[in-house]
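The values are calculated or read from the model by the stated rules, or taken from the named source; none is laboratory data. Worth saying up front: this structure is predicted, and the values here are computed from it rather than measured. Quick reminder, even Gly has a Cβ in these numbers, built from the backbone with ideal geometry, and neighbours come from all protein chains shown. Note: areas computed on protein heavy atoms with side chains; ligands, DNA, RNA excluded. Shrake-Rupley method; radii C 1.70, N 1.55, O 1.52, S 1.80 Å.
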Amino acid sequence: MNVSLGEAAELMSDARTIVITAHVHPDGDAIGSSLGLMHFLRSQGKEVQVLIDDDIPAIFDILPGYELIEKPDPERRQSADLLIALDVSLDRIGRVREMVQAPVLNIDHHITNDGALADKLYLDGNCAATAEIIYQLIRQKKKPFSQKTAMCLYTGLATDTGWFRFSNTTSSVMQAAAELLQCGVRPHVISEALERKPFAQLKGLAAAMGRIELFHEGRAAGAFLTAADLQSMESPDGLIDMIRVIDGTELAVVMKEKEPDVCRVSMRSKGLDVTKIALRFGGGGHVRAAGCTISQPFETAKKALIEAIDAALEEQEGKERSAFAK
């Protein structure tokens, strides 16, 4: 059931014990919005726990409350008045859903989230980040932003907009960021912390860049990494951002074979709606940033993915030709 932002706020007001979760493989928005909401709700006298079923990247240790994020204990079920799932559809929160017995409020900005598994859903696809929704929620309640809350929400805004470079950087995003800066956020401290990479990881990134391929006459570029590739290189995170800047490409893709018959895909585009490609494989995301998991052998998954990308680019080219003819 869809609810308004005010109704979502009321659900939180009525709850005494709250668990906040986000998606596995959490990014800056998932972590920033979770911690930002945690700090706000604790300031309102709530008992709040952040539970994420994955390791939290060490670069986020700059954020206040980082050390408070817990993993679900498979041997301990718990109850709460409310489970809040941020920046995610319920099929991507891992074991948290089964370990926490509580009504679920899902808050998200991904347009592909249909809220099928949630009791209540607040979705705003016009927001650049879930952190922007949490910012709006706190503002609507006319409550002040603590420095801790502001620092976390700013991180969510900054990372999901590519440090305010992507097309989802709107005037409302910049206004929110400006207000959060007035609360004591130091942007250079956050950016410098999040840009850190261990030497081994940087070497892994360099090795992964050697796997980049161009296809569809150079309009698409991708790196397709097997399990063996990933064993030989240290976590090549950030590769998609290196690929997307290649001159002449419309779409960048990274596919990683995480285990036999399980390939994770990330896509970025400069205009093409990549959610249409992701949805073909059960994934989702944003128009220009989406992902999915393909449960097929590596070569089969690669072939299917490239065919889907080719079809999407061909469809776009057809529309461009029709528009030109007019």
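The value for region 10-86 of Rg(Cα) / (2.2 N^0.38 Å) is 1.05.
What order, most packed first, do the peptides 20-32, 268-280 have when packing is the mean number of other Cβ atoms within 10 Å of each residue? Please report the intermediate quantities before stating the final value.
On the way: 20-32: 24.7, 268-280: 19.7.
Packing order, densest peptide first, comes out as 20-32, 268-280.
What FRET efficiency comes out for residue 67 versus residue 140 if R0 is 41 angstrom and r is the Cβ-Cβ distance? Round to the nearest 0.05. In this case the efficiency is close to 0.85.
For the chain, the relative contact order is 13 percent, taking Cα pairs closer than 8 Å that sit 6 or more residues apart in sequence and dividing their mean separation by the residue count. Compactness ratio for region 264-312: Cα radius of gyration over 2.2 N^0.38 Å (N = residue count) comes to 1.02. Among the listed pairs 203/319; 120/303; 148/197; 143/270; 203/276; 46/197, those whose Cα-Cα separation exceeds 31 Å are 203/319; 120/303; 143/270; 203/276; 46/197.
Using the Cβ-Cβ distance between residue 16 and residue 101 with R0 set to 22 Å, the FRET efficiency from 1/(1 + (r/R0)^6) comes to roughly 0.90. What translational D, rounded to a whole number of µm²/s, comes out for region 38-138 from Stokes-Einstein when the hydrodynamic radius is the Kirkwood one over Cα pairs, at 10 °C and 1.306 mPa s? D, rounded to a whole number, is 109 µm²/s.
State the extension gain, in nm to one decimal, for the chain segment bounded by residue 287 and residue 310, taking 0.36 nm per residue of separation less the distance between their alpha-carbons.
Stretched out fully, the residue 287 to residue 310 stretch lengthens by 6.6 nm.
Any idea how far the Cα center of region 246-317 sits from the one of region 148-221, in Å? Their Cα centres are 21 Å away from one another. Compared with the direct C-alpha span, the chain from residue 215 to residue 259 gains 13.3 nm at full extension, assuming 0.36 nm per residue.
Here the spin labels are modelled as points 7 Å beyond Cα on the Cα-Cβ line, and at residue 147 and residue 232 they lie 4.8 nm apart.
Taking all protein chains together and a 1.4 Å probe, the residues 1, 12 rank 1, 12 from largest to smallest accessible area. Between residue 322 and residue 47, the C-beta separation translates, for a Förster distance of 41 Å, into a calculated FRET efficiency of about 0.10. Scattering from the chain was approximated by placing one identical point on each alpha carbon and applying the Debye formula without solvent; log10 I(q)/I(0) at 0.11 1/Å stands at -0.72. Helix screen, the chain: DSSP H segments with Cα axial length of 18 Å or more and mean Kyte-Doolittle hydropathy at least 0.0 are 28-43, 147-160. Of the peptides 178-190, 59-71, the order by per-residue mean of other Cβ atoms within 10 Å, starting with the highest, comes out as 59-71, 178-190.
Taking the helices alone, the chain has a mean residue ellipticity at 222 nm of -12000 deg cm²/dmol, built from -39,500 (n - 2.57) per DSSP H run of at least 4 residues and averaged over all its residues.
A simple spin-label model places pseudo-atoms 7 Å from Cα toward Cβ; at residue 245 and residue 76 they are separated by 4.4 nm. Sorting 72-84, 194-206, 215-227 by their mean Cβ neighbour count within 10 Å, with the most densely packed peptide first, gives 215-227, 72-84, 194-206. Each residue, residue 171 and residue 117, gets one label point 7 Å from its Cα in the Cβ direction; the gap between the two is 3.9 nm.
Remark: relative contact order (region 178-324) = 15 percent; criterion is Cα-Cα distance under 8 angstrom and separation of 6 or more residues.
Kirkwood Rh over Cα pairs of region 233-304 into Stokes-Einstein at 37 °C, 0.692 mPa s: D in µm²/s? Kindly include the intermediate steps, with their values, before the conclusion.
Numbers: Rh = 12.5 Å.
The calculation lands on 263 µm²/s.
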